[in-house]
Structures are given as structure tokens and as C-alpha cells.
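Undergrad: Structure in C-alpha cells, see below.
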Amino acid sequence: MPMISVKCPYDIPQSVLKKLSSIIAETIGKPEQYVMAVASHANVMMSGSTDAAAFVEVQSIGGLSPEINRNLSGKICGLLQDNLHIPAGRIYITFQPFTADAWGCNGSTFA
């Protein structure tokens, strides 16, 4: 049920999505079989500039906390900087916890 979504002006290789999926599973402590990693192309402007930037959303039923979020932020920024050459200072990340009744799959919810 954890999901990471990355929007940036680049095509994101499957290998980077796989690494993001692993980071989410390991850091949040959920089995990777439940993690979804999504990438989409987006025109991004940050600080009045179209230089490389990304917007990342992390959502999960449980597992998020201030400490986990800081840890994820460092790992996600490092990965995107190393693999896509997006400076960490040009990556915004939101962390969104959900309750089990607010997340659906397979015709039902996780509640």
C-alpha cells in the first residue's frame, strides 16, 4: 500500500523505479510486494527556473513519521540526484499518511 510518485521532466528508467520501490519498502518497513512506484513526465518550474526539478509524493497506510520522512527524503533526493542529476535542493517531497479505509485495491479497501 505504500506508493511513491515522481513527476519530473525526464523519462525515469525502470531501474530507478525499482530502487525507489526498494527504498520505500525498506525504510517504511512494509513488504515490497505492496509498494507501487509511479513516474510521470511533467513540465516543472521551480523558483522561476525550468532547470532540473522534481515533485515526489509518498503515501502510505502507516509507517510514516517525522523520523522516517526525514530518512526517506535523504534517500530519495540522493537517488534522484545520482541517477537523474536533479539537485536535492530542487526536489520537493510530500508525505501523506492514509487510514486503511481511505485506500482501495481489488474492489475493496484495506480496512
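The values are calculated or read from the model by the stated rules, or taken from the named source; none is laboratory data. All values derive from a computational prediction rather than experimental measurement. Neighbour counts run over all protein chains shown; Cβ positions are idealised from the backbone, glycine included. For accessibility, only protein heavy atoms count, side chains too; no ligands or nucleic acids. Shrake-Rupley method; radii C 1.70, N 1.55, O 1.52, S 1.80 Å.
Undergrad: Give me the percent of DSSP beta bridges within the stretch 13-111 that run antiparallel, rounded to the nearest 5.
TA: Restricted to the stretch 13-111, the bridges split so that about 25 percent are antiparallel.
Undergrad: Relative to the first principal axis of the alpha-carbon coordinates of the chain, what is the inclination of helix 14-28, with its axis defined by its Cα atoms, in degrees from 0 to 90 and to the nearest 10?
TA: So the inclination is approximately 50 degrees.
Undergrad: Any lysines with Cα under 18 Å of the Lys30 Cα? List them, leaving off those in the same chain fewer than 8 positions away.
TA: Within reach: Lys18, Lys19, Lys75.
Undergrad: Pop the C-beta distance of Asn43 and Ala111 into the FRET formula with R0 = 35 Å and round what comes out to the nearest 0.05.
TA: 0.40
Undergrad: Going by Cα centres, the stretch 58-111 and the stretch 29-52 are how many Å apart?
TA: Cα centroid to Cα centroid, the span is 10 Å.
Undergrad: Taking the chain as the reference, fit the longest principal axis to its C-alpha atoms, fit the long axis of helix 66-84 to the helix C-alpha atoms, and give the angle between the two in degrees, 0 to 90, nearest 10.
TA: That helix lies at roughly 50 degrees to the long axis.
Undergrad: Return the long-range amide H neighbours of Ala39 (sequence gap of 5 or more, or a different chain), with a cut-off of under 5 Å between placed amide H atoms.
TA: Here Val6 satisfy the definition.
Undergrad: Also, quick follow-up: Along the Cα→Cβ direction, 7 angstrom out, place labels at Leu17 and Glu67. What is the inter-label distance in nm?
TA: 3.3
Undergrad: Return the carbon/sulfur percentage of the accessible area of the chain, one whole number, probe 1.4 Å, all protein chains in place.
TA: Within the chain, the accessible surface is 53 percent carbon and sulfur.
Undergrad: Ranking request for peptides 54-63, 76-85: highest mean number of other beta-carbon atoms within 10 Å first, then the rest in descending order.
TA: Answer by packing, highest mean first, reads 54-63, 76-85.
Undergrad: So the label point goes 7 Å from the Cα of Met36 along Cα→C-beta, right? Which residues of the stretch 47-63 then have their backbone N under 16 Å from it?
TA: Under 16 Å, as judged by backbone N against the label point of Met36, lie 57-62 of the stretch 47-63.
Undergrad: Under the rule of -39500 (n - 2.57) per DSSP H run of 4 or more residues, summed and divided by the residues of the chain, what mean residue ellipticity at 222 nm is obtained, to the nearest 500 deg cm²/dmol?
TA: Here the helix-only value at 222 nm equals -10500 deg cm²/dmol.
Undergrad: With volume of the Cα convex hull per residue in Å³ as the read-out, I listed (i) 148; (ii) 106; (iii) 96; which label goes with the value calculated from this structure?
TA: (ii)
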